[in-house]
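**Student:** What follows is a structure written as structure tokens; I'll ask about it next.
The values are calculated or read from the model by the stated rules, or taken from the named source; none is laboratory data. Nothing here was measured: the structure is a model prediction, and the numbers come from that model. With ideal geometry, Cβ positions are generated from the backbone for all residues, glycine too; neighbour counts draw on all protein chains shown. The area values use the complete protein model at the heavy-atom level, side chains included, leaving out ligands, DNA and RNA. Shrake-Rupley method; radii C 1.70, N 1.55, O 1.52, S 1.80 Å.
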Amino acid sequence: MKKPEKKSSLLSAPFCAGLRSLARNCAVIAMAVFAVAAFSSCASVLGGTSVKVNAFDTLERDSNAYIRIPVNVHSELTNNLLKAVIGSDISEKYVKNITDSIDMIYLGVGSSSDKGRLQVACDGNISSATKLALSSMENWKKEIKNVNTAGMYTVYTEANSKIQLCVPGSNLICLSKNLTPQLTLYDKEASSQGIASVLTGNTSNKNATEWKSSEVYNFVGDTNTNNVRIYMDTPIAFVTNLLGVSLSTSIFQLNFLEAELKLLPTGKYSIDIDMEFQKDGLVAKAAAFLNVALLLADSKVSITDNSHLKLSGIQVSIAQLQKMLSL
């Protein structure tokens, strides 16, 4: 598979800043789910047809990290996150209403030009949100946003956080402090699908071929697994937090990292990590280092080829996982 273009290094501060931004805005996102019922009837003026656009396709291509969470399977992780952010006294019913309305969450965290950038795209059964009640909409400002193509969308901005929300299609919720890039991507995808289906019966977007054939898209965008998936560009801090040991940057020169998190019957998560190294010869040194560092751990280090190393079977609790991600 084609590897995406090399981006800037993902260091601890930028990545954690983006995740903390996610945490600070979870309460707003939660309330936004309740607002979907009111928004969906007038979510788009011209844009937003019945064409189904993959939520992942609305995230910009230059994020430092991408995260995908299947909410239904990982409800406890989602619930704990919401409780930690909104408050431990939040009712189980409130949390359940949120998680029941969203099937999949995609996150784009940070970029070379904006380390704290956070883009959220949610796939879900939006029609079920009509059963939910919105306590108040007085903090949301409505505006019609005209993106770069023909699409015009109703966007709501929360007064305090400045988070913007839009429901461009019946299956999709987009949130960010600046929705224009996401709506532009949505509009191009929806428009090209509509034109292609009418003319050829083919709903593919030829302009997005490079993105959809990239390593990150094939890994994070794979819907054939219910595991949490994380893609990071040179994530030394993530591995350091996971293993609890400092890594030598002269050895761990990485192109990217892919992490797959599987929920076990015990309630813990088993993490498998694939790392791609920039230079031949570094993999053997990294494997030797990790074998010593993980000597007492129930995990396995294996070299898959000259540039790839795999860590498998690392187990962490949900609390450890949240701490590791600085949530």
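**Student:** Taking R0 as 41 Å, what's the FRET efficiency between residue 264 and residue 112 from their Cβ-Cβ distance, rounded to 0.05?
**Tutor:** Here the calculated transfer efficiency is 0.70.
**Student:** So, R0 is 41 Å and r is the distance between the beta-carbons of residue 306 and residue 142; what FRET efficiency does that work out to, to 0.05?
**Tutor:** 0.15
**Student:** At 1.4 Å probe size, with every protein chain present, just tell me what the per residue accessible area of segment 251-327 comes to in Å².
**Tutor:** Computed with neighbouring chains in place, this is 49 Å² per residue.
**Student:** Under 13 Å from the Cβ of residue 186, count the other residues' Cβ atoms, weight Lys and Arg +1, Asp and Glu -1, and hand me the total.
**Tutor:** Local charge sum for residue 186: -2.
**Student:** For residue 320 and residue 225, compute 0.36 nm times the residue count separating them, minus their Cα-Cα distance, and round to one decimal in nm. All intermediate terms of the calculation are to be shown ahead of the outcome.
**Tutor:** Details: separation 95, 0.36 × 95 = 34.20 nm, distance 2.28 nm.
Taking residue 320 through residue 225 to full extension adds about 31.9 nm, to one decimal.
**Student:** Next up: Within segment 297-319, list the residues whose amide N lies under 19 Å from a label point set 7 Å along Cα→Cβ of residue 279.
**Tutor:** 305-309
**Student:** Residue by residue through segment 175-192, which ³J(HN,Hα) values in whole Hz follow from phi under the Karplus form 6.51 cos²θ - 1.76 cosθ + 1.60 (θ = phi - 60°), with glycine and proline marked x?
**Tutor:** Taking θ as phi minus 60°, the curve returns 9, 5, 7, 9, 7, 3, x, 5, 5, 5, 5, 4, 5, 5, 5, 5, 5, 5 Hz for segment 175-192.
**Student:** Could you tell me the distance between the Cα centroids of segment 256-321 and segment 233-255, to the nearest Å?
**Tutor:** Computed from Cα coordinates, the inter-centre distance equals 11 Å.
**Student:** Apply the Karplus parameterisation 6.51 cos²θ - 1.76 cosθ + 1.60, with θ equal to phi minus 60°, to every residue of segment 102-119 and state each ³J(HN,Hα) to the nearest whole Hz, in sequence, with x for glycine and proline.
**Tutor:** These are the phi-based 3J(HN,Hα) values: 10, 8, 9, 10, 10, 10, x, 10, x, 7, 5, 9, 8, 5, x, 5, 9, 10 Hz.
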